[in-house]
Amino acid sequence: DRTCERRADAHGGRSMPNDVAILTEEAPWGSDTDACYIIPRGDVLVVGGSFHREDTYADVRPMEKKRLMKNAHLMGIDTEKSPIVDEWTGFRPHRPSIRLEVDKHVGISEGIKVVHNYGHGGSGWTVFVGAAKQVATLLGHGDKQ
């Protein structure tokens, strides 16, 4: 059931132009190993969501393309009217854990702090704000909390 009821408001139940309805459901797309996302970029939508450990195949496989198109459709994109304008794969470095720390062996004698901030894998879009704030704190420019 995809219905969502609006809450009563202070205007006698009238709907205001900026009302927002939020719908939460168990999604029929994506999983822990085959994520799904949409990123608006100007006049295009990027549909993605693949994580294949140690896979170096440089092209989008036909089955992967089919899965991404199905996910796009399930997420509300009219795939019949939205032609694919480009496709690519990306290789992201991945580590068992991220490295976000000041290097204690480089630049210290010159008064320079070198901060290592890498290993986020495909999660960079998700964690970049928090990682950047942590870097600022390590450099002495961020919130000290």
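What the table shows:
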read-out	value
Loop-located GluC sites (Glu not before Pro) in segment 56-145 whose Cβ has at most 16 other Cβ within 10 Å (DSSP)	Glu80, Glu87
Distance between segment 107-136 and segment 27-57 - C-alpha centres, whole angstrom	24 Å
Neighbour-limited loop hits for trypsin sites (Lys or Arg not before Pro), segment 48-132 (at most 16 other Cβ within 10 Å; DSSP other than H, G, I, E, B)	Arg53, Lys81, Lys104, Lys113
Accessible area of segment 96-139 belonging to carbon and sulfur atoms, whole % at 1.4 Å probe	62 percent
Karplus-derived HN-Hα couplings along segment 101-110 (A = 6.51, B = -1.76, C = 1.60, θ = phi - 60°), whole Hz, x at Gly and Pro	7, 7, 6, 7, 10, 10, x, 4, 5, 8
Extension gain from His52 to Lys65, taking 0.36 nm per residue of separation minus the Cα-Cα distance	3.3 nm
Computed lengthening from Leu139 to Val44, 0.36 nm per intervening residue step minus Cα-Cα distance	30.5 nm
Per DSSP, loop chymotrypsin sites (Phe, Trp or Tyr not before Pro) in segment 72-145 with at most 14 further Cβ within 10 Å	Trp88, Phe91
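The values are calculated or read from the model by the stated rules, or taken from the named source; none is laboratory data. What you see is a predicted model, and the numbers here were worked out from it, not measured in a lab. Neighbour counts are summed over all protein chains in view; Cβ atoms, including those assigned to glycine, are modelled from backbone coordinates with ideal geometry. For the accessible areas, the whole protein counts, side chains as well, though only heavy atoms, and no ligand, DNA or RNA atoms are used. Shrake-Rupley method; radii C 1.70, N 1.55, O 1.52, S 1.80 Å.
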